[in-house]
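Let me give you the structure first, and then I'll get to my questions.
The values are calculated or read from the model by the stated rules, or taken from the named source; none is laboratory data. Quick caveat: nothing in here was measured; it's all calculated off a predicted structure. Cβ coordinates were reconstructed from backbone atoms using ideal geometry, including for glycine residues, and neighbour counts include every protein chain displayed. Accessible surface areas use protein heavy atoms only, side chains included; no ligands, DNA or RNA. Shrake-Rupley method; radii C 1.70, N 1.55, O 1.52, S 1.80 Å.
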Amino acid sequence: MTAADFKPAQLQTAAQLGLAVPPTLVTNDVEHAREFAAEHGPVIYKTFRGLPRDEDGCAGAIWAQRVAPDTFDDSLKVTAHLFQAEIPKIGDVRVTVVGRRVFAQQIAAPDGALDWRRGDWDALRHAPIAVPAAIEAALHSYLNAFGLVFGCFDFALTGAGDIPQDWVFIGCNPNGQWGWLPDAADITTAFADILSTSTEGGGAR
C-alpha cells in the first residue's frame, strides 16, 4: 500500500497499462516548472501522497489546486514538486474495484470545483456509469501490479464516457473511503465475499 500510494509510481504504472494520464512534471527547478506551464498551462499542483497524521491523530489534506507560473520562485528548490496539466473535464468518476467487481459513479460538484473532495460531500451528485472494457481490464492489471485486491480510482471524464479515450487517469487511493457512495452496500457485499472465500478451508483468518 505504501508503494501504491506514491503518485509518480501510480502515473507510471497507469501509463504503462495504456491509460491516458495528464502531462506531468516532477521537479524542483524553477525554469523547468515555468517551461512546463508555458507549454501545458493551466497547471495544477498536487502532493506526492496523502499527508501523515498529526500529533492529535488527525489526517490533513492538500487539495489539487491551480497554480500561476508567476508565483514560481526559488522556494521550489526546497523539494520536488508535482505539476500537471489541467484536464478540460466535463465531470469526474470514482471507480471502486474490489476483487473482480467494479463499481463506478460519475460525480458532479454543484460549484464545479476542480477537486470535488474539498467541498460538501453531501452536496455531490452521483450517477452510475459504465466502465469501458479496456479501462476495466487496465484497472485489474493495475491492482495486480501492486499486489492489491482493492483500490479507489479517480478519473477525469472528457466526454460521454462510452469510449476509453474519454477517461483520463488521475490517481488511485489504495485505502480509499467508499461508505459515502450510493453503492456502498454492494461494495460491502463484495468485500464480504472476498473475506468469506479466503477463509474457507483454513485460509486467512
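Go over the candidates ASP186, ASP193, ASP154 one by one and state the one that is part of a strand (DSSP E or B) and either touching a residue at least 60 places away in the same chain (Cβ under 8 Å) or open to solvent by less than 10 Å² (accessible area, probe 1.4 Å) (or both).
ASP154
Ok, one more. For ILE90, state whether it is surrounded by 19 or more Cβ atoms within 10 Å (Cβ to Cβ), among the hydrophobic types (A, V, I, L, M, F, W, C) and either within 30 Å of ASN144 (Cα to Cα) or in contact (Cβ under 8 Å) with a residue 24 or more places away in the chain (or both).
Against the criterion (surrounded by 19 or more Cβ atoms within 10 Å (Cβ to Cβ), among the hydrophobic types (A, V, I, L, M, F, W, C) and either within 30 Å of ASN144 (Cα to Cα) or in contact (Cβ under 8 Å) with a residue 24 or more places away in the chain (or both)), ILE90 does not qualify.
Going by the conditions given, is GLY161 more than 16 Å from the chain's Cα centre (by Cα), open to solvent by 20 Å² or more (accessible area, probe 1.4 Å) and modelled with pLDDT under 95?
Here the answer is no, as GLY161 does not meet what is asked.
Go through ALA20, ALA113, ALA68, ALA38 for me and flag whichever is among the hydrophobic types (A, V, I, L, M, F, W, C) and in contact with a Phe, Trp or Tyr (Cβ under 8 Å, 6 or more places away or on another chain).
ALA20
Ok, one more. With aromatic (Phe, Trp, Tyr), open to solvent by less than 20 Å² (accessible area, probe 1.4 Å) and touching a residue at least 40 places away in the same chain (Cβ under 8 Å) as the only criterion, which of TRP167, TRP180, TRP121, TRP116 stands out?
It is TRP167.
Right, another one. Considering each residue of the range 93-138, count those that are touching a helix residue (DSSP H, G or I) at 6+ places or on another chain (Cβ under 7 Å) and assigned to a strand (DSSP E or B), and give that number.
Counting residues in the range 93-138 that are touching a helix residue (DSSP H, G or I) at 6+ places or on another chain (Cβ under 7 Å) and assigned to a strand (DSSP E or B) gives 8.
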